[in-house]
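Undergrad: Structure below; questions to follow.
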Amino acid sequence: QKEVEQNSGPLSVPEGAIASLNCTYSDRGSQSFFWYRQYSGKSPELIMFIYSNGDKEDGRFTAQLNKASQYVSLLIRDSQPSDSATYLCAVRGGGSYIPTFGRGTSLIVHP
Amino acid sequence: DTGVSQNPRHKITKRGQNVTFRCDPISEHNRLYWYRQTLGQGPEFLTYFQNEAQLEKSRLLSDRFSAERPKGSFSTLEIQRTEQGDSAMYLCASSHGTGYEQYFGPGTRLTVT
């Protein structure tokens with residue numbers, strides 16, 4: 001069974017700091033990796049996706065993928081209180097369009 | 001570009017009643033997915049359509065659940081004889097034929113009393 005693991009948190013960081021969110025996965029054949037942000041009571045919003053080893057940057061967000069170690073991380077620079085949310089990691093294996101989601105990490109950015 | 005829409009946004013029903021939800025995907029997205037999410041959990045896959053064909057269905061999906069996408073555009077998810085354990089957020093997502101990124105609608109929150 002494919003598993004995606006995330007620390008449920010909460011992860012608390014001060015405003016302006018770098019928030020680091022981590023995700024590990026069990027399926028070595030995984031090919032696509034996604035980060036979603038979900039505010040309380042709302043639906044998930046896609047913020048980053050990465051398919052190749054290394055880093056991918058988009059504004060204040062950086063996704064880092066290490067397939068050999070089977071982990072993917074999300075860095076949020078200059079964290080703002082509005083970044084406070086649950087961050088879901090999703091991993092897609094080869095031969096399927098269906099990703100497996102982790103349970104999410106709660107992030108709190110305090111002023 | 002119009003995003004994924006879902007109706008209704010909220011539904012309260014009594015145990016044993018049938019409910020139906022609708023999802024309109026992003027235009028030209030040929031793949032459509034249904035998920036269920038409960039508090040503290042990530043979205044759980046229910047079923048998936050490519051155009052009008054239902055290509056995959058979760059083993060966790062009981063026979064009380066059925067989904068359709070008759071013309072390859074909008075989709076409906078029906079739950080028959082609802083149970084209290086069906087209370088959850090039901091999410092719909094869509095993706096374009098050339099990509100794997102899924103975009104979610106606002107969800108339908110179901111409460112079974």
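None of the figures in this text is laboratory data; all of them are computed from the coordinates on show. It should be emphasised that the depicted structure is a prediction, and the values quoted were computed from it without experimental measurement. Heads up, the Cβs are rebuilt from the backbone with ideal geometry, glycines too, and the neighbour counts pull from every protein chain shown.
Undergrad: Looking at the stretch B:1-58, which trypsin sites (Lys or Arg not before Pro) are in a loop (DSSP not H, G, I, E or B) and have at most 10 other Cβ atoms within 10 Å?
TA: B:LYS14
Undergrad: In whole Å, how far is the Cα centre of the stretch B:1-33 from that of the stretch A:41-72?
TA: The stretch B:1-33 and the stretch A:41-72 have Cα centres separated by 28 Å.
Undergrad: I would also like to ask the following. For the stretch B:31-76, compute Rg over Rh where Rg is the Cα radius of gyration and Rh is the Kirkwood radius from the inverse mean 1/r over Cα pairs.
TA: 0.99
Undergrad: Decide, for the protein assembly as shown, between rounded, prolate and oblate: order the square roots of the alpha carbon gyration tensor eigenvalues as a ≥ b ≥ c, take rounded if a/c falls under 1.5, and otherwise choose prolate if a/b is larger than b/c, else oblate.
TA: Because a/c hits 1.5 or more and a/b exceeds b/c, the protein assembly as shown counts as prolate.
Undergrad: Please state the charge dipole magnitude for the stretch A:13-72, taken about the Cα centre, from unit charges on C-beta atoms (+1 on K and R, -1 on D and E), reported in debye and rounded to the nearest 20.
TA: That gives a dipole near 140 debye.
Undergrad: All other residues with a Cβ under 9 Å from the Cβ of B:THR108 taken together, and with Lys, Arg as +1 and Asp, Glu as -1, what is their net charge?
TA: Every neighbour counted, the sum reads +4.
Undergrad: Work out which GluC sites (Glu not before Pro) in chain A are exposed loop sites (DSSP not H, G, I, E or B, at most 15 other Cβ within 10 Å) and give the longest gap free of them.
TA: Counting only loop sites that pass the neighbour cut-off, the longest clear stretch is A:16-111.
Undergrad: Test of understanding: in a Gaussian network model of chain B with alpha carbons linked when under 10 Å, which of B:LEU46, B:LEU60, B:LEU91 would top the mean-square fluctuation ranking?
TA: So, out of B:LEU46, B:LEU60, B:LEU91, the one fluctuating most is B:LEU60.
Undergrad: Further, regarding this structure: For chain A, set up a GNM with springs between Cα atoms under 10 Å and report which of A:GLY94, A:GLY29, A:GLY41 has the largest fluctuation.
TA: A:GLY41
Undergrad: Here is a follow-up. Between B:GLU68 and A:GLU5, what is the spin-label point distance in nm, taking each point 7 Å from the Cα along the Cα→C-beta axis?
TA: Here the modelled spin labels are 4.4 nm apart.
Undergrad: Using +1 at the Cβ of each Lys and Arg and -1 at the Cβ of each Asp and Glu in chain B, identify which of B:ALA53, B:ILE79, B:GLY42 lies farthest towards the dipole's positive end.
TA: About the Cα centre, the residue reaching furthest to the positive side is B:ILE79.
Undergrad: Treating only the Cβ of Lys, Arg, Asp and Glu as charged (+1, +1, -1, -1), what charge dipole size does the protein assembly as shown show about its Cα centre? Round to the nearest 20 debye.
TA: Using Cβ point charges on Lys, Arg, Asp and Glu, the protein assembly as shown gives about 640 debye.
Undergrad: How far is it, in nm, from the label point at B:GLU28 to the one at A:LYS67 when both lie 7 Å from their Cα along the line to the Cβ?
TA: A separation of 3.0 nm, rounded to one decimal place.
Undergrad: I would also like to ask the following. For the stretch B:3-44, just say rounded, prolate or oblate: build the C-alpha gyration tensor, square-root its eigenvalues into a ≥ b ≥ c, call rounded for a/c under 1.5, and beyond that prolate if a/b exceeds b/c, oblate if not.
TA: Taking the square roots of the gyration eigenvalues as a ≥ b ≥ c, the stretch B:3-44 is oblate.
Undergrad: Right, something else. Counting only C-alpha contacts under 8 Å and six or more residues apart, can you give the relative contact order of chain A as a whole percent?
TA: In percent, rounded to a whole number, it is 38.
Undergrad: Can you tell me how chain A classifies by the Cα gyration tensor, rounded, prolate or oblate, using a/c under 1.5 as the rounded cut?
TA: Prolate, since a/c reaches 1.5 and a/b exceeds b/c.
Undergrad: Write down Rg/Rh for chain B, rounded to two decimals, with Rg from the C-alpha atoms and Rh from the Kirkwood relation over Cα pairs.
TA: We get a ratio of 0.95 for chain B.
Undergrad: Within 10 Å of each Cβ in peptide A:96-104, how many partner chain Cβ atoms are there on average? Round it to a whole number, please.
TA: Average per residue, whole number: 6.
Undergrad: Right, next: Take every Cα pair under 8 Å in chain B that's 6+ residues apart, average their separations, divide by the length, and report that relative contact order as a whole percent.
TA: Computed over chain B, the figure is 37 percent.
Undergrad: I'd like the antiparallel share, as a percent to the nearest 5, of DSSP beta bridges with both residues in chain B.
TA: Of the beta bridges lying entirely in chain B, close to 90 percent run antiparallel.
Undergrad: If neighbour count is taken as other Cβ atoms inside 10 Å, put A:ILE50, B:ILE79, A:ILE18, A:ILE108 in order from fewest to most.
TA: A:ILE18, A:ILE108, A:ILE50, B:ILE79
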